[in-house]
């Protein structure tokens, strides 16, 4: 797993980029399903229904305008600022966590039929969801300052959206892209125990990147085994 900060100035642009992959696919950029349709799925929310309801968001499927507003730091319905400005005056942005399946899993996905692809995608989605739940429950993703003292605490929930992609980027024009099942999980903010929406602290997540990556891979292996796949230790 890799983690990267998305600055407030780039938040809206990055949200639009991820959304573009679910709406207007450039032919050849991604693998197609056996029926000829692009395999990229719409984004899905990884937050509790209560958290989404407070933001005026309904359902688990991401609506592009809602995600863009959140990445800009605004309420999807009212347009008001959702949290206090930081020391630099910024209020938007987030953290992008990228979860990539092992190459062997991506290869099986690419060579599989529609049923196999759906099974592997479901296993990957479940593993990503479990990892974000682990992050929320165990990492101190909120920083608070009180009387000059900074403390870290766990969030009640995080506001996150997952966008699943199925090929690697960066191939030369005309080349066939390599299969790479992966998800971008963008955390836009966190919910404190008192219900206040605040910026998510990036440092604890960066410190725990290897742990989160290991947790995801372990969960993915379990999910695949549950679906009848054999996992050989040490395979990539």
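Measure nothing fancy, just the Cα-based angle from helix 209-226's long axis to the longest principal axis of the chain, in degrees from 0 to 90, nearest 10.
Roughly 50 degrees, rounded to the nearest 10.
Which of these, 17, 216, 163, has the largest mean-square fluctuation under a Gaussian network model of the chain (Cα springs below 10 Å)?
17
If R0 is 22 Å, what FRET efficiency do you get for residue 88 and residue 65 from their C-beta distance, rounded to 0.05?
Using R0 = 22 Å, I get an efficiency of 0.25.
Mind checking the angle between helix 8-23 and the chain's longest principal axis? C-alpha axes, 0 to 90 degrees, to the nearest 10.
Helix 8-23 and the main axis of the chain meet at about 30 degrees.
Treat the count of other C-beta atoms within 10 Å as a stand-in for reagent exposure and order 5, 208, 69, 146 from fewest to most.
146, 5, 208, 69
Given a cut-off of under 8 Å on Cα pairs at least six residues apart, what relative contact order in percent is computed for the chain?
Across the chain, relative contact order equals 26 percent.
Does a label point 7 Å from the Cα of residue 122, set along Cα-to-beta-carbon, have any residues of the range 191-235 with amide nitrogen under 17 Å, and which are they?
Within reach of a label on residue 122: 220-230.
Out of 92, 73, 56, any idea which swings most in a Gaussian network model of the chain, alpha carbons joined below 10 Å?
Of the options given, 56 has the highest mean-square fluctuation.
Give me the angle, in degrees from 0 to 90, between the Cα long axis of helix 114-138 and the longest principal axis of the Cα atoms of the chain, rounded to the nearest 10.
Roughly 30 degrees between the two axes.
Counting only Cα atoms, I'd like the Rg/Rh figure for the range 39-117, Kirkwood definition for Rh.
1.12
Once R0 is set to 35 Å, what does the formula 1/(1 + (r/R0)^6) return for the Cβ-Cβ distance between residue 203 and residue 178, expressed as a FRET efficiency to the nearest 0.05?
For R0 = 35 Å, the calculated efficiency reads 0.60.
Using 7 Å Cα-to-Cβ label points, what is the residue 134/residue 48 separation (nm, one decimal)?
2.1 nm
Most fluctuating residue of 178, 96, 113 in a GNM of the chain with Cα springs under 10 Å: which is it?
For the chain, modelled as a Gaussian network with Cα springs under 10 Å, the answer is 113.
Based on the Cβ-Cβ distance from residue 192 to residue 5, what FRET efficiency comes out when R0 is 25 Å, to the nearest 0.05?
Computed FRET efficiency for residue 192 and residue 5: 0.80.
Under the 0.36 nm per residue contour assumption, what length would be gained going from the current alpha-carbon distance of residue 150 and residue 227 to full extension?
The span from residue 150 to residue 227 would gain 23.2 nm if fully extended.
Values quoted throughout were computed directly from the atomic coordinates according to the rules given, and no laboratory measurement underlies them. This is a predicted model, so every value here is computed, not measured. Neighbour counts run over all protein chains shown; Cβ positions are idealised from the backbone, glycine included.
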